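So the structure is just underneath, and the comments pick up after that.
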2 protein chains.
Amino acid sequence: MSKPSIPKGTRDFGPIEVAKRTYIFDTVKQVFGLFGFVPIETPVMENLQTLTGKYGDEGDKLIFKILNSGDYLKDAEDALLSEKNSNKLTPQISEKALRYDLTVPFARFVVMHRNDIKLPFKRYQVQPVWRADRPQKGRYREFYQCDVDIVGSESMLCEAELIAIYQEVFKRLGLKVEILINNRKLLDGLAEIIQAKDKFMSITIALDKLDKIGWDGVEKEMMEHGISAKQVQELKSIIESIPKKGVDLSSLEAKLSGSAIAMVGLNELKEALAYHQAMGYAQDNLAIDITLARGLNYYTSTIFEVKAVEVAMGSIGGGGRYNDLTGVFGWQGLAGVGVSFGADRIYDVLEQANLFPEMLLEQTKVLISNIDTKALGMTLPLLKSLRDAGIKAELYHELQEGALGKQLKFANDKQIPFMVVVGSDEVQKKVFVLKDLNNRSQQELTSSELIQHIQHG
Amino acid sequence: MSKPSIPKGTRDFGPIEVAKRTYIFDTVKQVFGLFGFVPIETPVMENLQTLTGKYGDEGDKLIFKILNSGDYLKDAEDALLSEKNSNKLTPQISEKALRYDLTVPFARFVVMHRNDIKLPFKRYQVQPVWRADRPQKGRYREFYQCDVDIVGSESMLCEAELIAIYQEVFKRLGLKVEILINNRKLLDGLAEIIQAKDKFMSITIALDKLDKIGWDGVEKEMMEHGISAKQVQELKSIIESIPKKGVDLSSLEAKLSGSAIAMVGLNELKEALAYHQAMGYAQDNLAIDITLARGLNYYTSTIFEVKAVEVAMGSIGGGGRYNDLTGVFGWQGLAGVGVSFGADRIYDVLEQANLFPEMLLEQTKVLISNIDTKALGMTLPLLKSLRDAGIKAELYHELQEGALGKQLKFANDKQIPFMVVVGSDEVQKKVFVLKDLNNRSQQELTSSELIQHIQHG
C-alpha cells in the first residue's frame, strides 16, 4: 500500500482544530438561536436534478456527482460511450450529487415540508458543502457554510436583524469587521441615471472589479462595452461622493433622485438602517458600497458583504434579499433574505490574528499514576469519583511498577495540570498525593479533599 | 420542475429532530471527554484506493464513488466502454468516494499524522458515513457513527473504560441496555475443545445465528459443514451452561480449561471485568455471550455489542479489540480497542420509548408585538436588551396596526411562552404589558423589570 493521502482541497482536523472549529460553530449557532432562528439539516447527497441548472453552466461543472451503484453502464447509450461524451453521459450514470451550497437544499426543504412550516420561517443551517474548484489559499473543496435566512417576510426588520447578527457574532469572536451594504435597486438606478439601462450587466460587472482594477480599468472595460467616457465620469462622481464609512445616504439621495427605482432601494436601505439604529446597535462598522454586486441573478434588493478589517482575506460573509427562493421547485414568489458566514475563512482569520481563546480543547485535568498493583484498589474508585464529579480524568493506561518518571512525562507532554500519585507508602497511609504540575507543589489528601481541591482550586 | 425529492435512504431533519440528534451527540461527546478522549474529523471524501479492499467484496460494492470532474471519459479504455464493464471502468472514472465507516479513515489519519500523535491515542469521531445498502427500518444510506478508540495500548483497562463509557452514556440517555461481551479467543477455544479447529469459521458463522434460527437450525447448518451431532451437543452444553446475565465466568473456565487459547481469552475478560468492578460500576447489565462474533476478520480479542432492553431494535452499538489497525497503510502492529454508538438507531429507540427530554429545542421565549409605529421606539431597544440578557426574543416581523390577535396566535402556534404588548396606551404610559401565555396572566412592567421577571420567573 502506498503512503496514504486525502483528496486535494480537503483537510483532516486534529483535536485542537476541531475544538477551534466547534468554537466558531457554537458561537454562530448561539447567536442565531438568540435571534429566534431554528436549525435544520439536509442530506449530503441531493438528487442531481435538484442541483443542476441552479448555479449556471460553470457551477454545474463544479458539482461533485456520485456514480450510480451496481452495473451503472448497463443502460447507458452506446453512442455516448463510443464518442466518449462525458457531459451527456453524466446524467445516465449519475443521479445523485454532493450539496454545492445550502440555499438550493433549503429551497427544496421548504417546498417538501411546506405543510410543517409556519411563515415567516427563520432557519439556520451549518453544514459542509463541496465544490470541484481549484484549491488555493482560503478556498477548499470541502468547506462549511453557516446560513441564516428568514423566508416569507418582506419586512426590512429582517435586514436590520441580520446586520445585528453579523455584529453580534463578530463581537463575540473578537474580530473587527466591516459590513458592506448595497441594494440591487441602487445598481439599477445607477444605470438609469447615466442613461445606460440596457448596459446594466456590463456596468455592474465592471464596477464589481473596482477594488482590483481601479477606475482606469473600469473605464477601459466599460468603454469596450459602449459606455461613453462621459457616462463613466458621471458614475465615478456619484460613487466617489459616498462616504467610505458609515451610513450617510444623503449624497446618494441627491445624486440618484432622478431614478424611481433607486429611490425605492434607498428607502428600503433607510428603513433597515433605522430599525437597526433604533435597536441600539452602533453603525460605525457599516458602509454603503454601491459597487457591491454579489449574486446578481439571485438578489433583488439588499446585498451584504463582510470583510475582516485587520487581516487580508476576501469576504468572510455575505448575503442578500431575494424575491423568489422556491419558484424553481414550484412554489412561486416566496421572498426572503439571508446571510452566510464563511466558517473556514473566519477560522483562518482568527488564526492569523491570534484571536482564538486559549485552552479551547478541554484536556484531561487529572492523570492518576499506575505504578503499584496494590494501589489499584484506591485509584480505580478515585477515577470514577472524579468523573462522577464532572472532572476529566484518566488512569495511566498500563501498570508500570515504580515507573513514575515516565508517567509524569506523559502528563507533562499532554499538558495535564494535575497528577495523582499512589505508591506503596500512600497505600499504607491511605492517602493520595496530588501534584500540581504547573506550580510544582504537592499535598497528601483524601479522595473527597482531592476532588474538592480540583473543583475549586 | 417536478416535485422535489431526496435520495432514498437519506433524510431531512427539521428543528426538533436536529435538537434531539444534537442531544444524543452532545451526550456521547461529553462522556467521551470525561474519559479523556479528544475529537478528530476527517473529510467526507476519501481517495477511492484508501477505501477499496477494506470491507470485502460486498463492502466495496456499497461504497458510493464520486465521478471525476471534467472530461472524465477522456482517458478511459475504449474496450471497457464498449463492453460496458462497469466494475473495471470505475477506477478509471472515479478516484474519490464517500466515507464508508470511521475506522478506515481513522487508520489513515493515524498513519498520516503519526508524528503529531502521542500513544496511547484516545480519539473520538462523530460523523456521518454512507453505504449503498438497501434502505429499510433502522437502516439508512446516510447515517452517523460515534466511534471512540484507544490505540497503542494492550491494557485491559481500556476495555473496562469502554464498558463504563457505554454504561455512562446510556444512563444519561435514560435507556436500559444490555452489554454483551465476548472474546475472540473463546471462540477459538470452543472450536479447539470440540476438536474442530479447522471448522472455526463455519462454527462461528452458525453460532452467530443462534438467536434467529435456534439450536435446531444451528445443528443443521453445522452438520452440513461436517461437524458431527456429538460435537454440536458438546457446544450446546458449554454454551447453555453460561448464565444468561452477569459476568460469572466459572462454568466457562471449567468447560474450556483444556484450551490454552481459551484460557488467555478468559483471563483477558477477567482482568477487564475486575478493573471495571473495582472502579465501582455495576455489572448487572453486562452479559457474557460466547456466540457473539461481529467483525470476525478484524477483532482479535474482546468483542462488544449493545442492545436496548425495552425496544426491539438490533444492535445499537458494538466494537472490540484489534491487533493491527494500520498495517494496511504501512504501520504494522498498532493495537487498539474501540466501540461505536449507532446514533440513528439510538434516536429511533429513544423516540419509541418516549425518552427524549421535553423542550429540547429552545424556542423563542418572548415575542414582542408590532402593532403601532410609535411603539417601535420602545420595542426595538427592548428587543436588544432581551437578547443582551441572553433571552431568545423576536419582534413580530411586520407592523400590523392594531392586529394583536394575529400576533398572539403566532406566539401560541409557535409555543412562545411570553408576549410583550405595546400599543398606544403603553406608549403614553411608557410601560410594557407582559403576557404570560401559559397561565394567561399579564402585568405592566418597565424594561428591566420585564427582563428580570423572565430571567427568574
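Readers should treat all values here as calculations from the given coordinates under stated rules, not as data from a laboratory. Not measured: the values here are computed from a predicted model. Cβ sites come from the backbone with ideal geometry, for glycine too, and all protein chains shown count toward neighbours.
Data table
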{"item": "Nearest-0.05 FRET efficiency for A:PHE25 and B:ASN85, computed from C-beta distance (R0 41 Å)", "result": "0.40"}
{"item": "Anchor A:LYS255: aspartates and glutamates whose Cα lies under 14 Å away (excluding residues fewer than 8 positions away in-chain)", "result": "A:ASP188, A:GLU192, A:GLU234, A:GLU240"}
{"item": "Per-residue ³J(HN,Hα) for the range A:27-43, Karplus 6.51 cos²θ - 1.76 cosθ + 1.60, θ = phi - 60°, Hz, x for Gly and Pro", "result": "4, 5, 5, 4, 5, 4, x, 4, 8, x, 8, 10, x, 10, 9, 10, x"}
{"item": "Above-threshold pairs, the threshold being 27 Å between Cα atoms, out of B:LYS245/B:LYS270; A:LYS209/A:LYS245; A:LYS122/A:LYS244; B:LYS3/B:LYS88; B:LYS171/B:LYS392; B:LYS61/B:LYS197", "result": "A:LYS122/A:LYS244; B:LYS3/B:LYS88; B:LYS171/B:LYS392; B:LYS61/B:LYS197"}
{"item": "Residues listed by number, the range B:83-116, amide nitrogen under 14 Å from B:TYR298 label point at 7 Å toward C-beta", "result": "B:99-108"}
{"item": "Computed E for A:GLU154/A:ILE213 - FRET, C-beta separation, R0 35 angstrom, nearest 0.05", "result": "0.45"}
{"item": "Distance violations [Cα-Cα > 29 Å] among A:LYS384/A:LYS414; B:LYS185/B:LYS230; A:LYS414/B:LYS307; A:LYS96/B:LYS307", "result": "A:LYS414/B:LYS307; A:LYS96/B:LYS307"}
{"item": "Highest average packing first - B:440-447, A:363-370, A:347-354, Cβ atoms within 10 Å", "result": "A:363-370, A:347-354, B:440-447"}
{"item": "Built amide H within the under 5 Å cut-off of A:GLY317, gap 5+", "result": "A:VAL306, A:GLY342"}
{"item": "In nm, spacing of pseudo-spin labels at B:GLU178 and B:HIS453 (7 Å Cα→C-beta vector)", "result": "5.5 nm"}
{"item": "Student exercise, the protein assembly as shown dipole from Lys, Arg, Asp, Glu Cβ charges, in Debye to nearest 20", "result": "240 debye"}
{"item": "Ascending list, in nanometres, of distances separating the B:ASP284 label from those of the other copies (7 Å, Cα toward Cβ)", "result": "6.5"}
{"item": "Pairwise FRET efficiency - B:LEU437 versus A:GLU58, Cβ, R0 = 56 Å, nearest 0.05", "result": "0.65"}
{"item": "Cα centroid separation - the range B:190-258 against the range A:43-98, whole Å", "result": "50 Å"}
{"item": "Karplus-derived 3J(HN,Hα), 6.51/-1.76/1.60, for each residue of the range A:212-217, Hz, glycine and proline x", "result": "8, 10, x, 5, 4, x"}
{"item": "Total formal charge among the other residues, if their Cβ is under 13 angstrom from that of B:ASP198, Lys/Arg +1 and Asp/Glu -1", "result": "0"}
{"item": "Net length gained if the chain between B:THR373 and B:SER257 were fully extended (0.36 nm per residue, minus Cα distance)", "result": "33.0 nm"}
{"item": "Inter-copy label distances at A:ASP211 (7 Å, Cα→Cβ; nm, one decimal)", "result": "5.8"}
{"item": "Nm distances between copies for B:GLN332, ranked from closest, using label points 7 Å along Cα→Cβ", "result": "7.1"}
{"item": "Net dipole in debye of the range A:20-158 [+1 Lys, Arg Cβ; -1 Asp, Glu Cβ; about Cα centre; nearest 20]", "result": "560 debye"}
{"item": "Karplus 3J(HN,Hα) series, Hz, for the range B:413-430 with 6.51 cos²θ - 1.76 cosθ + 1.60 (x for Gly, Pro)", "result": "4, 8, 6, 7, x, 10, 10, 9, 10, 10, x, 5, 4, 5, 4, 5, 7, 6"}
